[in-house]
2 protein chains.
Amino acid sequence: MAKKRETDLSTEEKIIEAARKVFTQKGYAATRTRDIAEEAGINLALLNYYFRSKEKLFEKVMFEKVHKLFGAIAPVLNDENSDLTEKIEKIVENYINMLVMNPDLPLFVLSEIKNNSEQFGDKFNMGKLMLESVFARQIRKRRPDISPLHIIMSVLGLVLFPFIGRPVLRAIGAVDEASFMGLMEERKKLVPHWVAAILNS
Amino acid sequence: MAKKRETDLSTEEKIIEAARKVFTQKGYAATRTRDIAEEAGINLALLNYYFRSKEKLFEKVMFEKVHKLFGAIAPVLNDENSDLTEKIEKIVENYINMLVMNPDLPLFVLSEIKNNSEQFGDKFNMGKLMLESVFARQIRKRRPDISPLHIIMSVLGLVLFPFIGRPVLRAIGAVDEASFMGLMEERKKLVPHWVAAILNS
DNA sequence: AAATTTTTTAATCAAATGATTAAAAAAAAT
DNA sequence: ATTTTTTTTAATCATTTGATTAAAAAATTT
């Protein structure tokens, strides 16, 4: 049995890096394995040698992306040592910092999940887990009169939607890249204020 | 030259109705013309007889969908006879009423625009038009200290995002169809309140 | 250095898919 | 009723695309 050489990792990493780029840019269905191979600068057969199929490669990329998207909120959900205000500040900051580096992430992940929602059914109790989290409990305590889902959807909408709508805003010439990112920086402070106002309304 | 018969419209309408359904459900790339033909209960060649190609058929559907999505906000933008509060109420109500009937619309349109943003470049000044609308002017008057884009993104985020995130919420078992729609009904009253709170914050 | 294992490639396959063609069926016009 | 036009279908094409195979090249082991 041979040891792994640097080139092994390098080639495999070149392929998956290309896959990240092309899948995120065009979606699963519109991506051709040849696109990925070309982007990685390797032969098509090599892609199937390292990963068994387009779907297997996609699953790897998708797994990463899903974790990146939900990783911004997950560690905050059950933190017993922060209050509601602090949690919201943390979620907003985590998300915007990550999304500025990965602006296409939400639209990619949400689209692919919609087209393949069965695969995410194994996380059957993730919904319950979210609604029984410390975060949800703190929301309920502050506003027993409305569903915590309303607040969660609102926070996520205020933070994620600009990135989801960004392609349209850019297409119609409403913002350029630089000013969009400037607005997102502003939103790190604005959104927590606004959510506080919502919780008091 | 022969007159058009009822069957003409009926067949053409059967095809485009099937196209609406399949394209919206699976997106352009994942849709096969055979799927549409089967859904319409007609021969594949007939699809190419009525519409010249998959792309032409898609353009027809896409045009409708884009207009449906932006039609909920467009007539309100330049209404001189309503104040900011009334406009927000109207936008929220229009949108939620329409989205309850077309929950997949936003994710579909935003995804397809992202993958084909060149085609929407002809509406080059639509961005300027939006930022010079009566609506934008009224926002600026109320809050000269922040970009009206912040408020517009926030209203749209609060209204559209729940529908964009719905596939995930359903996949993780956080809501069933009925309770989701119930929440959206509640949001018709909640979101205008919240936006008012944001504007005062 | 020789043998073995791992990596890479060129060539090719088989299935899927958008589209066309030629002919039949139906409808409309004469 | 006959002719002409329009609609529909079955069969087929050509291209694309995911995947495989057999052989070469490179690296590793012995």
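The values are calculated or read from the model by the stated rules, or taken from the named source; none is laboratory data. Just so you know, these numbers come straight off a predicted model, no measurement behind them. Heads up, the Cβs are rebuilt from the backbone with ideal geometry, glycines too, and the neighbour counts pull from every protein chain shown.
Quick notes on this structure:
- Among (1) out of contact with any Ser or Thr (no Cβ under 9 Å at 6 or more places or on another chain); (2) within 10 Å of chain B (Cβ to nearest Cβ) - the single one residue A:189 does not satisfy: (2)
- All of A:109, A:195, A:191, A:175 fail the test of being among the hydrophobic types (A, V, I, L, M, F, W, C) and touching a Lys or Arg at 6+ places or on another chain (Cβ under 7 Å), apart from A:109.
- Any helices (runs of 4 or more DSSP H) falling wholly within segment B:63-148 and containing at least 1 residues that are more than 21 Å from residue A:180 (Cβ to Cβ): B:74-77, B:84-101, B:105-114, B:134-142
- For segment A:159-174, taking the residues that are of a type in the set (Val, Ile, Thr) and facing chain B (nearest Cβ under 7 Å), the one that is surrounded by the most Cβ atoms within 10 Å (Cβ to Cβ) is identified as A:164.
- Here segment A:11-32 is the region considered, the condition is being within 16 Å of DNA strand C (Cβ to nearest atom) and within 14 Å of another protein chain (Cβ to nearest Cβ), and the residue that is farthest from residue A:96 (Cα to Cα) is A:32.
- Pair list, Cβ under 7 Å, 6 or more apart: segment A:43-71 residue within 14 Å of chain B (Cβ to nearest Cβ), other residue assigned to a helix (DSSP H, G or I) and within 16 Å of DNA strand C (Cβ to nearest atom): A:54/A:33; A:58/A:28
- Being away from DNA strand C (no atom under 12 Å from the Cβ), crowded, with 17+ Cβ neighbours inside 10 Å, over 23 Å from residue A:114 (Cα atoms) and at pLDDT 95 or above is a property that holds for residue B:76.
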